[in-house]
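Colleague: Would you mind keeping the following structure in view while I ask a few things?
The values are calculated or read from the model by the stated rules, or taken from the named source; none is laboratory data. Since we're looking at a predicted model, the values are computed, not measured. Neighbour counts run over all protein chains shown; Cβ positions are idealised from the backbone, glycine included. What goes into the accessible areas is simple: the full protein's heavy atoms, side chains included, and nothing from ligands, DNA or RNA. Shrake-Rupley method; radii C 1.70, N 1.55, O 1.52, S 1.80 Å.
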Amino acid sequence: MSIITVKNLQKHFKVSQHHRGVWGALRNLTTRTFTTVKAVDGISFTVAPGELVGYLGPNGAGKSTTIKMLTGLLVPTGGQLMANGRVPWQQRQAYVQHIGAVFGQRTTLWWDLPVIESLALLKHIYRVEDGRFQNNLAEFTTLLEMEPFLHTPVRSLSLGQRMRADICAALLHDPDLLFLDEPTIGLDVVAKERIREFIQHINADRGTTILLTTHDMADVERLCSRVMIIDHGRLLYDGDLQNLQDRFGGKRELIVDFAEAYTAVPLAGAELIHYHDLRAKYQFDRQSISASELIGRLSAHYRVRDLAVREPDIEATIRRIYENGLLDTAQK
Ligand SMILES: Nc1ncnc2c1ncn2[C@@H]1O[C@H](COP(=O)(O)OP(=O)(O)O)[C@@H](O)[C@H]1O
Ligand SMILES: [Mg+2]
């Protein structure tokens, strides 16, 4: 049973080409030439109820276009799309009653209204019962620490406050599905963390299915056990974050502080990267040896004062996938 089913989804935009210069201007008057941008170019996936999935990719990869089709804002050029039992763009009215969406780049609230009045308007639009509205408002206000700015007009909010108000607005009607397009963009570390905690809480506590796009790898590590990676409108990877690291991650590192100055510190199964001032750095492959085995070998030969194992950077792993386009090996 899946709550989202996407099959060979496509969105192509026709963009008119503007020719520059005098002759170009003349040409613009007489002919219009178009090029096609394949923003989403044949994507398929399913999402099960209650999942929290990261939808990742570099700028221009097609993430927002996908979300816009999933929320019914854009009509696909081709392929199939079902979410919450409906075809979003065909049954938008009924569909939006059960979904929430936050676009980090722009607010869905009324610019000149105080936050609380924007929320009250949404209550009417979504026909949220009084009791449910009061309960949700109280809970979200506390969790998102919105009390200090509930009566402030949206245009006077800081970005972090505005984002929290938008997230609250998207959830007042208890949607089954929540789409978050860059919900932490431009926020400071504290504001990001507060939003992450809230997203996690909503997913765990209410079982809301969440699809999240982000550039922030800390968001991903913190929130998503499953990630989809797209580039140029195509799906490059769909699976476990851990599995992604195993298959495409760089090497792990073992950092060792020795208790005395040894002249040489070779370690079978790992490569010594550098050794200076009692500290050695080794790299090793997670498939061939475990950290604990290495540590065992090490302490059999040397006196060790302290050590640490460092995982490869997820950001670097994902960048490697974008750059190398590991399409064949990466797809499930
Ligand atoms: N309305 C549009 N008209 C023409 N091209 C568009 C439109 N919307 C998006 N695009 C293009 O589609 C591609 C994907 O955009 P988008 O989905 O916004 O990417 P992302 O959210 O991953 O950064 C980009 O090349 C973008 O310029
Ligand atoms: Mg985008």
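Colleague: Here is a list: Ile255, Ile318, Ile289, Ile229. Which entry is open to solvent by less than 60 Å² (accessible area, probe 1.4 Å), modelled with pLDDT of 95 or more and not hydroxyl-bearing (Ser, Thr, Tyr)?
Modeller: Within the list Ile255, Ile318, Ile289, Ile229, the selection yields Ile255.
Colleague: Among the residues of segment 233-248, is there at least one that is among the hydroxyl-bearing types (Ser, Thr, Tyr) and part of a loop (DSSP other than H, G, I, E, B)?
Modeller: So far as segment 233-248 goes, no, none of its residues is among the hydroxyl-bearing types (Ser, Thr, Tyr) and part of a loop (DSSP other than H, G, I, E, B).
Colleague: For Leu244, state whether it is more than 20 Å from Pro312 (Cα to Cα) and either open to solvent by less than 70 Å² (accessible area, probe 1.4 Å) or not assigned by TED's automatic domain parsing to the domain that holds Ile67 (or both).
Modeller: Considered against the rule, which asks whether it is more than 20 Å from Pro312 (Cα to Cα) and either open to solvent by less than 70 Å² (accessible area, probe 1.4 Å) or not assigned by TED's automatic domain parsing to the domain that holds Ile67 (or both), Leu244 comes out as no.
Colleague: Could you grab me the full set of residues in segment 58-113 that are open to solvent by 50 Å² or more (accessible area, probe 1.4 Å), within 13 Å of ligand 1 (Cβ to nearest atom) and more than 16 Å from Leu178 (Cβ to Cβ)?
Modeller: Asn59, Gly60, Val75, Thr77, Gln105, Arg106 - these are the residues of segment 58-113 that are open to solvent by 50 Å² or more (accessible area, probe 1.4 Å), within 13 Å of ligand 1 (Cβ to nearest atom) and more than 16 Å from Leu178 (Cβ to Cβ).
Colleague: So, of the residues in segment 27-45 that are open to solvent by 20 Å² or more (accessible area, probe 1.4 Å) and under 19 Å from Gly239 (Cα atoms), which turns out to be nearest to ligand 1 (Cβ to nearest atom)?
Modeller: Going through the qualifying residues, I end up with Gly42.
Colleague: Restricting to segment 182-202, name every residue that is under 21 Å from Thr317 (Cβ atoms) and open to solvent by less than 10 Å² (accessible area, probe 1.4 Å).
Modeller: Thr184
Colleague: Just a yes or no: is a residue in segment 16-26 in contact with a helix residue (DSSP H, G or I) (Cβ under 8 Å, 6 or more places away or on another chain) and open to solvent by 40 Å² or more (accessible area, probe 1.4 Å)?
Modeller: Among the residues of segment 16-26, at least one is in contact with a helix residue (DSSP H, G or I) (Cβ under 8 Å, 6 or more places away or on another chain) and open to solvent by 40 Å² or more (accessible area, probe 1.4 Å), which makes the answer yes.
Colleague: From the residues in segment 46-57 that are closer than 19 Å to Asn84 by Cα and assigned to a loop (DSSP other than H, G, I, E, B), which one is nearest to ligand 1 (Cβ to nearest atom)?
Modeller: Top of the filtered list is Glu51.
Colleague: So is Asp205 in a helix (DSSP H, G or I), closer than 29 Å to Arg92 by Cβ and open to solvent by less than 10 Å² (accessible area, probe 1.4 Å) or not?
Modeller: No, not satisfied.
Colleague: Under 7 Å between Cβ atoms, which residue pairs at least 6 apart in sequence (or on different chains) link something in segment 115-140 that is farther than 15 Å from Leu171 by Cβ with a partner that is open to solvent by 50 Å² or more (accessible area, probe 1.4 Å) and of a type in the set (A, V, I, L, M, F, W, C)?
Modeller: Leu121/Trp110
Colleague: Tell me whether segment 34-45 contains one or more residues that are touching a helix residue (DSSP H, G or I) at 6+ places or on another chain (Cβ under 9 Å), in a loop (DSSP other than H, G, I, E, B) and within 16 Å of ligand 2 (Cβ to nearest atom).
Modeller: For segment 34-45, residues touching a helix residue (DSSP H, G or I) at 6+ places or on another chain (Cβ under 9 Å), in a loop (DSSP other than H, G, I, E, B) and within 16 Å of ligand 2 (Cβ to nearest atom): absent.
Colleague: Which residues, taken from segment 137-186, are part of a loop (DSSP other than H, G, I, E, B) and within 16 Å of ligand 2 (Cβ to nearest atom)?
Modeller: Correct list: Glu182, Pro183, Thr184, Ile185, Gly186.
Colleague: Something else now. Considering only segment 62-109, how many residues are modelled with pLDDT under 95 and of a type in the set (Val, Ile, Thr)?
Modeller: Counting residues in segment 62-109 that are modelled with pLDDT under 95 and of a type in the set (Val, Ile, Thr) gives 3.
Colleague: Answer yes or no: is there a residue in segment 300-313 that is at positive phi and open to solvent by 90 Å² or more (accessible area, probe 1.4 Å).
Modeller: Checked against the condition, which is being at positive phi and open to solvent by 90 Å² or more (accessible area, probe 1.4 Å), segment 300-313 yields no hits at all.
Colleague: Got a sec? Which of Gly79, Gly50, Gly57, Gly100 is small (Gly, Ala, Ser), within 16 Å of ligand 2 (Cβ to nearest atom) and either touching a Ser or Thr at 6+ places or on another chain (Cβ under 9 Å) or within 18 Å of Asp166 (Cβ to Cβ) (or both)?
Modeller: Sole residue among the options that is small (Gly, Ala, Ser), within 16 Å of ligand 2 (Cβ to nearest atom) and either touching a Ser or Thr at 6+ places or on another chain (Cβ under 9 Å) or within 18 Å of Asp166 (Cβ to Cβ) (or both): Gly57.
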